[in-house]
Structures are given as structure tokens and as C-alpha cells.
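The values are calculated or read from the model by the stated rules, or taken from the named source; none is laboratory data. Being a predicted model, the structure only gives us computed values, none of them experimental. Ideal geometry is used to build each Cβ from the backbone, glycine not excepted, and the neighbour counts take in all protein chains shown.
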Amino acid sequence: MQVAADLLAWLRLLALPDALKACEPKALRYRFLHIPARLTRGARRRHLRLPQTWPWVTEAVATFTNVMAIPMRT
């Protein structure tokens, strides 16, 4: 349980857009874990297909973009 709280705290600190930083954990779970997305593969790449009609798709894309921009440490 503590790991989930830590991940949520780091997600808020590093990746969430300003509009979502004050959201309660229940709202974040609803907005990110209930996205009707599809994971597809093609040309040796993986793609996450998000529906354009989902109410929080722009916030989800911004969060995923911020997470992917975090440099990897080796």
C-alpha cells in the first residue's frame, strides 16, 4: 500500500499537469485507470491508442508525455 502512495506522490511532483495536481487519489485513479485505451503494435513499436472523446484525454496525454520526458539513468 505504501508503494502506491509513493508512486502517486512522485507522479504528482514530476508529471501531472497543474490542473490535476490538486486532485484526490480517487479522482486520479478514475481518470487514469479507467481510460478505454488500446495497446497496439506495428512496425516494431508499441502505440497507445486513446479515444478522442474521453473527457480527460488531453490531461492523460500530457501526463504520459511528461513521464516519457524524464531521462533514464544508466
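Which numbered condition in (1) surrounded by 13 or more Cβ atoms within 10 Å (Cβ to Cβ); (2) at pLDDT 90 or above; (3) of a type outside the set (S, T, Y) is the only one that R49 fails?
(1)
Please name all residue pairs, on different chains or six or more residues apart, with Cβ atoms under 7 Å, provided the first residue is in the range 12-28 and is free of Cβ contacts under 8 Å to residues at least 12 places away in the same chain and the second residue is part of a loop (DSSP other than H, G, I, E, B) and not polar (S, T, N, Q).
Filtered contacts from the range 12-28: R12/K21.
So for the range 15-26 (the condition being modelled with pLDDT of 90 or more and surrounded by 10 or more Cβ atoms within 10 Å (Cβ to Cβ)), does at least one residue qualify?
Taking every residue of the range 15-26 in turn, at least one turns out to be modelled with pLDDT of 90 or more and surrounded by 10 or more Cβ atoms within 10 Å (Cβ to Cβ).
Answer yes or no as to whether E59 is of a type in the set (D, E) and more than 14 Å from the chain's Cα centre (by Cα). If you could, list the steps in order and put the result at the bottom.
Numbers: of a type in the set (D, E): yes; more than 14 Å from the chain's Cα centre (by Cα): no.
Taking the combined requirement at face value, the residue does not satisfy it.
Condition check ((1) without any contact (Cβ under 8 Å) to a residue 40 or more places away in the chain; (2) farther than 15 Å from A15 by Cα; (3) aliphatic (A, V, I, L, M); (4) part of a helix (DSSP H, G or I)) across all residues:
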| residue | (1), (2), (3), (4) |
| --- | --- |
| F32 | yes, no, no, yes |
| I35 | yes, yes, yes, no |
| L39 | yes, yes, yes, no |
| H47 | yes, yes, no, no |
| T53 | yes, yes, no, no |
| T58 | yes, no, no, yes |
| V61 | yes, no, yes, yes |
| T65 | yes, no, no, yes |
